[in-house]
Amino acid sequence: MVDLTYAQGYLWVADAEAPGVIYRLNPSNGSVLSSVNTSYGPPGAIASDGNYLYVAAADTGDVYQHNLSARCEELAHYATGLADVRALYCDGGNFYVFDQATAAFYEYDGEWELAASYAVGPGEEWLRGAARFHERLWSADNRGGWLNRHRADNFDVEEKYCTPGWHAAGIAWDGTYLYSGDTDARRIYKLDVSTAP
């Protein structure tokens, strides 16, 4: 498991098992409802804007648009030119792609034209998934099972929260609960963050 997102009542999981797989899960019990192999190799990140599924190929940085069906048909793809994509999220019609090689988020508009870039803080380059909720960006830190809450005005990490796993990978928000994956245990944890300061 490399990343996850939530859309239309399901959890969608990107897995780097050869050649790359997208799973659709029931979030209430974790059961696999469908799976499809990717045509572009191992994914590095996955996100949804509520209408489509977007999956970034880890090695090329290309982002593939899929429909939100059991078959996840590919509809289009967009080149970013990034070398090591590890997080992707959608917000307000824009797309944000995290590249580990440059330790930065890249903002693209709805036409996939580069609009801006934002460096993360020193030592924060191990992000594996991102989601935006409660007007904040959150990310999963693969080094030690951390979830990062970023500052509202930039991409610096403001707070770190420990997860049940050792190597957090993937983060998703369903409007009530936060889901975080773990690469070692190959588990997804459902978390209540309503009391997080």
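What follows is calculated from the coordinates using simple rules that are stated; it is not laboratory data. The structure displayed is predicted, hence computed values, not measured ones. Here Cβ is always computed from backbone atoms with ideal geometry, including for glycine, and neighbour counts include all displayed protein chains.
On the beta carbon distance between Asp184 and Ser34, with R0 = 30 Å, the FRET formula returns roughly 0.75.
Mind checking which of Trp12, Trp138, Trp112 has the largest fluctuation in a GNM of the chain, springs on alpha carbons under 10 Å? The residue that fluctuates most here is Trp112. Out of these labelled values of log10 I(q)/I(0) by the Debye sum over Cα atoms at q = 0.15 Å⁻¹, (i) -0.91; (ii) -0.81; (iii) -1.02, which was calculated from the coordinates shown here? After the calculation, the listed value that fits is (ii). Ranked by how many other Cβ atoms sit within 10 Å of their own Cβ, fewest first, the residues Asp156, Asp174, Asp99 fall in the order Asp156, Asp174, Asp99. Distance between the pseudo-spin-label points of Trp112 and Asn26 (7 Å out from Cα toward the beta carbon): 3.5 nm. Note on segment 84-139 and segment 52-82: Cα centroid distance 16 Å, given to the nearest whole angstrom.
Computed from Cα atoms alone, the Kirkwood hydrodynamic radius reported for segment 1-104 is 13.4 Å. In this structure the amide hydrogen of Ala104, modeled in the peptide plane, comes within under 5 Å of the amide hydrogens of Asp99, Val120, none closer than 5 places in sequence on its chain. Each of Thr195, Thr176 was scored by other Cβ atoms within 10 Å of its Cβ. Arranged with the fewest first, they read Thr195, Thr176.
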